[in-house]
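All remarks here apply to the structure that follows.
The values are calculated or read from the model by the stated rules, or taken from the named source; none is laboratory data. What you see is a predicted model, and the numbers here were worked out from it, not measured in a lab. So basically every Cβ, Gly included, is an ideal-geometry build from the backbone, and we count neighbours across all protein chains shown.
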Amino acid sequence: MVTTNPHPLDGARKRIERANKHLNEIISIIQTDASEYQDSLAIERDEIKKQFSVVMPARRELPRELPLAASDCIHNLRVALEYLIFELSREVSGHPNPVMTQFPLCEIPDNFEAHRVGATRGRGPLAYLMPPYIDRINAYQPYKGVAWAENMRVLSSQDKHRNLIIMNGFRQTDITDGIGETLAGVGPDKTNVQMERKTTTLITFSDGQPVVQTLETMKHEVALVIDSFWDDFSSELAVTSDRGHTNRRM
């Protein structure tokens with residue numbers, strides 16, 4: 001039997017997979033909320049106006065699980081980037097356990113330049129990296145206009161300060177004639193009527209950006225960042241045979 005050692009960035013990919021599970025959890029929570037809201041609507045017939053009326057439910061707060069799931073999703077994507085810098089620092093420097101490494105997210109150029117200068121003196125989150133790698137990290141900075149990175153910076157900052165991520169919700173239910181549920185006694189002379197109800201729910205962050213689409217984009221872009229550094233690691237992978245020998249493969 002032959003086994004190959006895992007790639008140094010396998011852990012980062014696992015974190016992205018974990019983030020995707022939390023994103024699917026968010027989608028499930030939103031779908032369940034829409035269904036429960038839709039079921040809470042009451043449709044009655046107004047005999048005076050000879051038309052249907054919809055009795056709206058009491059105001060419903062957004063499920064508290066939503067900001068928690070969003071926080072977990074963003075945290076795992078942030079950690080995937082931290083894994084990248086740690087493993088890249090170890091690969092470049094040869095140091096077995098580089099310390100204080102971090103993928104910076106800077107909103108102004110001066111902050112990133114401070115990290116660049118610090119690296120030349122062996123200090124800061126990029127201390128173990130050479131200039132070409134620092135330039136590549138710089139390309140993903142919020143101050144460069146990278147929207148997903150700015151969203152990560154803002155949202156992870158909210159979570160870091162022990163505040164739940166702020167969300168807003170909008171629900172709309174369209175009721176039309178057609179093949180759907182049978183509503184008993186709401187038609188003329190209290191006959192049964194078939195009508196279709198469809199509820200649309202839009203959940204946004206405090207700045208109005210839709211939660212699901214924003215996190216989908218963030219997940220996709222982080223995966224692209226990890227992939228872009230994949231081949232920067234040594235092409236020599238340790239291969240262990242079933243006889244216990246360890247060889248080097250180019």
- [ ] Starting from the stretch 7-29, take each residue that is acidic (Asp, Glu) and list its partners that are surrounded by fewer than 17 Cβ atoms within 10 Å (Cβ to Cβ) and in a helix (DSSP H, G or I), counting only C-beta distances under 8 angstrom and pairs at least six apart or across chains.
- [x] Glu25/Glu65
TODO: Output yes when any residue across the stretch 171-194 is among the β-branched types (Val, Ile, Thr), modelled with pLDDT of 65 or more, in a strand (DSSP E or B) and loosely packed, with under 14 Cβ neighbours inside 10 Å, and no when none is.
DONE: no
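When the stretch 154-166 is examined, which residues are found to be modelled with pLDDT of 75 or more and touching a helix residue (DSSP H, G or I) at 6+ places or on another chain (Cβ under 6 Å)?
Leu155, Ser156, Leu164, Ile165
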Task: Residue that is of a type outside the set (D, E, K, R), farther than 21 Å from Phe86 by Cβ, modelled with pLDDT of 95 or more and surrounded by 14 or more Cβ atoms within 10 Å (Cβ to Cβ), where the choices are Asn111, Asn151 - done: Asn151
Task: Residue satisfying all of: in the stretch 80-108; of a type in the set (Gly, Ala, Ser) and either out of contact with any helix residue (DSSP H, G or I) (no Cβ under 8 Å at 6 or more places or on another chain) or more than 13 Å from Tyr140 (Cβ to Cβ) (or both); surrounded by the fewest Cβ atoms within 10 Å (Cβ to Cβ) among these - done: Gly94
Task: Leading residue by the ranking (farthest from Lys219 (Cα to Cα)) among those in the stretch 114-150 that are in a loop (DSSP other than H, G, I, E, B) and among the aromatic types (Phe, Trp, Tyr) - done: Tyr128
TODO: Count, please, the residues in the stretch 82-110 that happen to be under 25 Å from the mean Cα position of the chain (by Cα) and either closer than 18 Å to Lys144 by Cβ or part of a helix (DSSP H, G or I) (or both).
DONE: 14
